[in-house]
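Undergrad: Provided herewith is a single structure, encoded as structure tokens, for subsequent inquiry.
The values are calculated or read from the model by the stated rules, or taken from the named source; none is laboratory data. Values in this document were obtained by computation on a predicted structure and should not be read as measured data. Cβ atoms come from the backbone with ideal geometry, glycine included; neighbour counts cover every protein chain shown.
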Amino acid sequence: MPTGFPPPARAAGPAGSINKGTIALILLSLVNCANIYPGCMGEQGSAIHYVCTHEEARILAFQHHRFWVSNCGCREERGHCGRSRIDVCLMFRGDLQASGSGIKEIGLTEVLALFDEVSEKHLVARPFRNETNKLITDGICFCCDDCCEYFTNPSENKCDKGRNIEWTEMDLCNFCGDCVEACYFKARRIVDGELILDRGNCYGCALCVEICPEKCISLMVR
């Protein structure tokens with residue numbers, strides 16, 4: 001899977017401005033990388049939601065010019081979230097019916113800050129399709145196992161798997177268990193000191209790839 005994305009642009013100066021050259025570099029890199037993923041974010045699927053990696057989520061987002069964010073309905077209903085802030089539902093249209101309250105338009109600086117939060121808090125990127133035309137993606141939910149209904153009640157909340165699946169080089173694994181904690185889909189577990197994989201449960205979110213200290217996990221096309 002291609003890597004080498006430029007680091008997120010940080011706000012510079014007291015006014016929170018971003019260097020235009022940095023923005024252009026980010027957008028150009030993402031557009032070029034989008035050509036590597038042939039339609040992975042727009043494939044027809046049975047569910048409204050599907051899973052993608054954080055890199056794929058960035059590609060999706062930066063195909064758009066305007067952004068809105070709202071509170072997550074799951075987190076709002078629960079009253080709090082043990083992993084992240086609650087305003088993490090990113091939308092590419094302002095006329096959508098959000099799952100939570102507080103919808104507002106945000107700028108590029110805030111979108112980049114949201115992606116920083118998503119990476120730091122290990123949230124799963126779950127884009128959602130247009131209800132009429134499922135080839136169109138209208139936004140991205142960023143979910144966790146603490147309060148999101150997909151993980152707390154998966155039988156009632158369907159989600160399509162991403163185009164990727166994990167690949168672990170077992171000879172390099174030190175069986176630390178970090179990836180087990182990061183896998184909300186329960187595709188990884190430690191039994192008697194050994195890592196056991198259930199690749200059928202892997203949705204291709206890449207949280208295990210990001211957290212592995214030995215860098216022995218990668219993604220391959222499913």
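Undergrad: Give CYS72, CYS81 a once-over and let me know the one that is touching a strand residue (DSSP E or B) at 6+ places or on another chain (Cβ under 8 Å), touching a residue at least 40 places away in the same chain (Cβ under 8 Å), under 16 Å from ASP145 (Cβ atoms) and surrounded by 12 or more Cβ atoms within 10 Å (Cβ to Cβ).
TA: On the way: CYS81 fails: touching a strand residue (DSSP E or B) at 6+ places or on another chain (Cβ under 8 Å).
Of the residues listed, the single one that is touching a strand residue (DSSP E or B) at 6+ places or on another chain (Cβ under 8 Å), touching a residue at least 40 places away in the same chain (Cβ under 8 Å), under 16 Å from ASP145 (Cβ atoms) and surrounded by 12 or more Cβ atoms within 10 Å (Cβ to Cβ) is CYS72.
Residue by residue, here is whether (1) in a loop (DSSP other than H, G, I, E, B); (2) surrounded by fewer than 15 Cβ atoms within 10 Å (Cβ to Cβ) holds:
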| residue | (1), (2) |
| --- | --- |
| GLY100 | yes, no |
| GLU105 | no, yes |
| GLU166 | no, no |
| ASN174 | yes, yes |
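Undergrad: List every residue pair whose Cβ atoms sit under 7 Å apart, with the two residues 6 or more apart in sequence or on different chains, where the first one lies in the stretch 110-122 and is assigned by TED's automatic domain parsing to the domain that holds ASP145 and the second, anywhere, is surrounded by fewer than 19 Cβ atoms within 10 Å (Cβ to Cβ) and of a type in the set (A, V, I, L, M, F, W, C).
TA: Final answer for the pair search is LEU112/ALA9; HIS122/ILE211.
Undergrad: Only one residue in CYS144, CYS216 is in contact with a Lys or Arg (Cβ under 6 Å, 6 or more places away or on another chain) and either farther than 19 Å from GLY82 by Cα or surrounded by 17 or more Cβ atoms within 10 Å (Cβ to Cβ) (or both). Which one? Before you say what the answer is, go through the steps one by one.
TA: Values: CYS216 fails: in contact with a Lys or Arg (Cβ under 6 Å, 6 or more places away or on another chain).
Result of the check over CYS144, CYS216: CYS144.
Undergrad: Please give the number of the condition PHE185 fails out of (1) part of a loop (DSSP other than H, G, I, E, B); (2) among the aromatic types (Phe, Trp, Tyr); (3) in contact with a Leu (Cβ under 8 Å, 6 or more places away or on another chain).
TA: That leaves (3) as the condition not met.
Undergrad: Condition check: modelled with pLDDT under 95 and within 19 Å of ARG188 (Cβ to Cβ). Does HIS122 satisfy that? I'd like the intermediate steps shown before the answer.
TA: Working: modelled with pLDDT under 95: yes; within 19 Å of ARG188 (Cβ to Cβ): yes.
Yes, satisfied.
Undergrad: Turning to a different aspect of this structure: Name the residue that is nearest to LYS161 (Cα to Cα), counting only residues in the stretch 176-201 that are small (Gly, Ala, Ser) and surrounded by 12 or more Cβ atoms within 10 Å (Cβ to Cβ). Outline the logic, then answer.
TA: Just the residues of the stretch 176-201 that are small (Gly, Ala, Ser), to begin with: 177, 182, 187, 193, 200.
Pick out the ones that are also surrounded by 12 or more Cβ atoms within 10 Å (Cβ to Cβ) and you get 177, 182, 187.
Details: GLY177: 23, ALA182: 17, ALA187: 13 Å.
Across the stretch 176-201, the extreme among qualifying residues is ALA187.
Undergrad: Right, here's the next one. Out of all the residues in the stretch 188-220, which are of a type in the set (Asp, Glu) and assigned to a strand (DSSP E or B)? Quick ask: steps written out before the conclusion?
TA: Keep residues of the stretch 188-220 that are of a type in the set (Asp, Glu), which gives 192, 194, 198, 210, 214.
GLU194, the sole residue that qualifies.
Undergrad: May I ask you to list the residues in the stretch 54-87 that are under 21 Å from LYS161 (Cα atoms), in contact with a helix residue (DSSP H, G or I) (Cβ under 8 Å, 6 or more places away or on another chain) and at pLDDT 90 or above?
TA: Those that are under 21 Å from LYS161 (Cα atoms), in contact with a helix residue (DSSP H, G or I) (Cβ under 8 Å, 6 or more places away or on another chain) and at pLDDT 90 or above: HIS54, GLU55, ALA57, ARG58, ILE59, ALA61.
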